[in-house]
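Below you'll find the structure, written out as structure tokens, and then a few comments.
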Amino acid sequence: MDAHEPLPPPARRWCMAAAAACLATLLTQVDPTLAAGIAVVAILCMTSSRPWPTAARLLLLLVLGALVLVMHDFSIGRESGTAGLAALLAVKPLETRRLRDAHSLLGFSLFAPFAAFLQDQGPLVLALSLVAVLLLMLALAALVEFRSDTPGAVPRPTPHGRVRTALIALALASPLALAAFWLFPRLATPLWGTPVDAGHRGGLADSMRPDEWVELFADDTPALRVRFIDREPPGRDLYWRARVLWDFDGDGWSRGGDVLPLGRPEVRATRAAALYEVMLEPTDRNYLVTLDVPLAPPPGAELLGDLTTHVDAPVTRLAQYMMTSDPAAEHQRDPPEPLLRRALALPQGRNPRTLELAARWRAEAGDDDVALVRRALAWIGDEFSYSLTVPPAGRHPVDEFLFDSQVGFCQHYSSAFAMLMRAAGVPTRVVLGYHGGYRNPYGGYWVVRRQDAHAWNEVWLRGRGWTRVDPTAAVAPTRVLDTVDDLARAEALLPETFAPIVDFGDWVRRGWNDLVVAFDADRQSRLLRAFGVREATSRQLGLAFAIGAAVALALTLWLQVRGRPPRHDPLVAAWRAFARRLRRVGLEKAPSEPPASFGARIAAALPSQAEELASLAGRYVAWRYEGRELSFDEKALLIAELQAYRAPRPRSRRTAAAAG
């Protein structure tokens, strides 16, 4: 079949199946709504039997491109690029009509699992990618088979035989792939990074404004997984610290660019410290999440004066680290004056009613800061309500929340409480992180989801230092109008009866993360400790990889030749003699030509003996390459037939002329 001839329907079906599997892998990284639309377009394009006009194809591509940009707020980054690649692959089948187009489609489809792996190295993506690669290999095999000029001259492998061959090929590639994964020297940091969209994956930025987290509360994807080594603190102490916000502009809070005045951390720990292991999902931010109150940073990180854990490079991949924290620890009983002044700063001309109330409370409480805190919490418990549905804020958002609506969630409470305390002369800051979590019954570890995002406060009290205050928790239970759990149930795609399946799936994902995804350069350097190498260098790892690759290649070679007939097998010798005799009549077998193709070619060239030649070649291929067992008599018969075959002598020109 010529490269420009139309594709036979069976070959096209194999190509469409492979492209669909590759696209399905990529769609796991696309927004579900957009992924559904792209999937519908892909089905339409793959099942279309008639060619589309160029204008129609161009219009469809423009519509999909505009939809991708609109869904990503016209930002160019990793997420929008992934969706754009999926859209292109969905439309590509419309121009797949010939053999050359089929090869182009399959080559382009390979980019889909590669792009998916850039964002997610989990077991689901791996499983889908393996299926996609398997189907792609079967599609390539189908294209090779259908290129035969005389289909049916040599029996084609059965579908079961094709699958078996593809699986064997993947298995043969596995030893070298494992050697490269475990032993090839890794870089501590990647050579390049891919740009991300404006909405960072972790959801917790360096700033906070009320109403920002409503969508985050509907996101039940894990933010971190935690395994406690010795003891588990009670649920009320599970405050996961990420960022501390200092600066207030009247509307929202920010961390501020200058962290030098924070000073060095001063922590007074108790004996109730907890040792735990954290697996932090990518956040694209320069912080690690820790249980309050962290006592020391993990290697490669820095513990700042506000007890946030800073890393130099953004967390763009799964981070695994050990920590020790003490929820009952006291910290910074005597902070520097610049730090206290920063924790009292307020903008001018904003929220006047809050300023007036704070001045009156201060006059009534005197120097008793604890009384001010208790009074504010009592007010919240008596008159305020918790709800995720809140009215929009105006010019004075804190005034409107405290005196008008009195309804909100943690962002509103922490912001208003911090301004009220600062206005009353109590140094206060806002802490962003997560609260609580869910204990997976299968793995015995805690899953903290993005919907567990929380904001609370820390006030500085004389003689006690920075003290956690959670004004949201002060809301009376009878005044809770709706919760994150209510929103999650409303947004849930699966009923709660599937919770055990979800828990088991997350346990599998955590094990995969621990074994594969979190395997970095630091863990690789410790891989050779069993051989007496404490910290392996790049040279030692390179030598280990060379040895491992050599062993893997030797194993692969042994598996390939195992079970094949000996080099001097009588049947192999008879086949080679058979090919030499055909060479004398002008039918020479090329060194790289497979026996199946050679058999089809000679059968077409000698139509008078086509049936005999097809039978000889087919039985030899089935024995030599498809693993078909031959009895002693069958093998002897085939050898005898190959030896007895004589090709017709070519007719001389004189004889041909006379016959003409």
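Summary table
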item: Positive minus negative residues near residue 323 (Lys, Arg vs Asp, Glu; Cβ under 12 Å); result: -1
item: Cleavage-rule hits, chymotrypsin sites (Phe, Trp or Tyr not before Pro), the range 62-137, DSSP coil, Cβ neighbours within 10 Å at most 13; result: 74
item: Cα-centred dipole magnitude for the chain, charges only on beta-carbon of K, R (+1) and D, E (-1), debye, nearest 20; result: 4460 debye
item: Student exercise, the range 570-658 dipole from Lys, Arg, Asp, Glu Cβ charges, in Debye to nearest 20; result: 720 debye
item: Cut-off under 5 Å, modelled amide H: who pairs with residue 244 long-range; result: 432
item: Pairwise FRET efficiency - residue 533 versus residue 275, Cβ, R0 = 30 Å, nearest 0.05; result: 0.65
item: Net charge, residue 392 excluded, C-beta distance under 10 Å - Lys, Arg +1, Asp, Glu -1; result: -2
item: Per-residue Cβ neighbour rank within 10 angstrom, fewest leading, 526, 57; result: 526, 57
item: Sum of side-chain charges, residue 527 neighbourhood, beta-carbon under 14 Å (Lys, Arg +1; Asp, Glu -1); result: +2
item: Size of charge dipole - the range 497-645 - debye, nearest 20, with Cβ of Lys, Arg +1 and Asp, Glu -1, no other charges; result: 660 debye
item: Additional length obtainable on full extension of the chain from residue 649 to residue 322, 0.36 nm per residue less Cα span; result: 109.5 nm
item: Packing-based order for 601-610, 623-632, using average beta carbon neighbours within 10 Å, highest first; result: 601-610, 623-632
item: Of the DSSP H helices in the chain, those whose Cα atoms cover at least 24 Å axially and whose Kyte score averages -1.0 or more; result: 9-27, 54-71, 123-145, 159-183, 538-561
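Any read-out appearing in this document is the output of simple, stated calculations on the displayed coordinates, not a laboratory observation. Given the structure is predicted, the values throughout are model-derived calculations rather than measurements. Note: ideal-geometry Cβ built from the backbone for every residue, glycine included; neighbour counts use all protein chains shown.
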